[in-house]
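Trainee: Take this structure first; my questions come after.
Quick note: the coordinates plus some simple rules give every number you see, no bench work behind them. Keep in mind that this is a model prediction, so the values were computed, not measured. All Cβ positions, even for glycine, are placed from backbone atoms using ideal geometry, and neighbour counts span all protein chains on display.
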Amino acid sequence: MVKRRAAYAPIVARQGGMMDKVVKSPSGKASSSKSKKVREPGYSRIAHLIREEIFDGRVTAGARLKVSEIAKRYGTSTNPAREALQMLEGEGLVTITPNRGASVREINEEMLQNVFDLRAILWAYIVKSFVEFATPDDITALRRHQEDCEAAVERGDYEAYHKANVAFHDLIVDHHYNSEAVSIIRKHDRWLQALSLSEPLNLAQMRRSSDEHWRIVESVEKGLPEEAARAIEEHLGNAQATFLDRLRRKRRKQPG
């Protein structure tokens, strides 16, 4: 029987935007050695820009996305443009049809409902593992990210809140052994974050989200996995309602 390693064995830690490899010394203590910062691939940058255009409403549902036009617009060759569209297809934002090319998929309420149903299951599973396997340093870092969220709320600074919020959730999901679950969460994170930035939370929404974070932190600190799962499910339920509201407002703003 193969023994599964701990879900939060510290294989890689993030610090200051760089990747730190964690190496076991002869004494058994972990020491870190920084690797070189990896530059974002060209196709990933192009996908990010197209994603923003979709959620800003500059590119609407059904619009054709031609590889040659994308390459010309972003000053690149056709290969990165093609890979960017394939990346967006994997996220569910673009449909690629043989002999017809790529087009923007409609982001509707049914799609959002399906995504959040799946996220609720995966996040409950992942946060329970975090409670079980997180180190004291992980828990301290989680509280620190939440304190950053709280400080941003007090300043009414959505950009800072968004950054701290991403760090808070990333810490929980990072290093989990189930790479398939993590991959699905990351895939949806990219376009949900783009939608978030296109229409920021108001102060009341930021405050509610921060309060929900505190419940998650307290459950983790007390070692209560089921309570942490309930807290994250409530958090996701409210996030879903917020995203649906954003989607409806965007639809009302569209001409016709």
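Trainee: State the dimensionless ratio Rg/Rh of the range 42-104 (Rg: radius of gyration of Cα atoms; Rh: Kirkwood radius).
Mentor: We get a ratio of 0.91 for the range 42-104.
Trainee: Once you order the gyration tensor axes a ≥ b ≥ c over the Cα atoms, which shape class does the range 109-178 get: rounded for a/c under 1.5, otherwise prolate or oblate by comparing a/b with b/c?
Mentor: Cα axes put the range 109-178 in the oblate bin.
Trainee: Moving to a separate point now. For the range 42-104, build the charge dipole from Cβ charges (+1 Lys, Arg; -1 Asp, Glu) around the Cα centre, then report which of LEU88, ALA71, ALA47 sits farthest towards its positive end.
Mentor: Checking the options against the dipole of the range 42-104, the answer is ALA71.
Trainee: Now a separate question. Thinking of the range 161-256 as a set of Cα atoms, what percent of all their pairs are more than 24 Å apart?
Mentor: 27
Trainee: Based on the inverse mean of 1/r over its pairs of different Cα atoms, what is the Kirkwood hydrodynamic radius of the range 78-145, in Å?
Mentor: Final number for the Kirkwood radius of the range 78-145 is 15.3 Å.
Trainee: Quick one: net charge of ARG207's neighbours, Cβ under 13 Å, K/R +1, D/E -1?
Mentor: Taking every Cβ under 13 Å from that of ARG207, the sum is -3.
Trainee: Would you calculate the convex hull of the Cα atoms in the range 205-253 and tell me its volume per residue in Å³?
Mentor: 48
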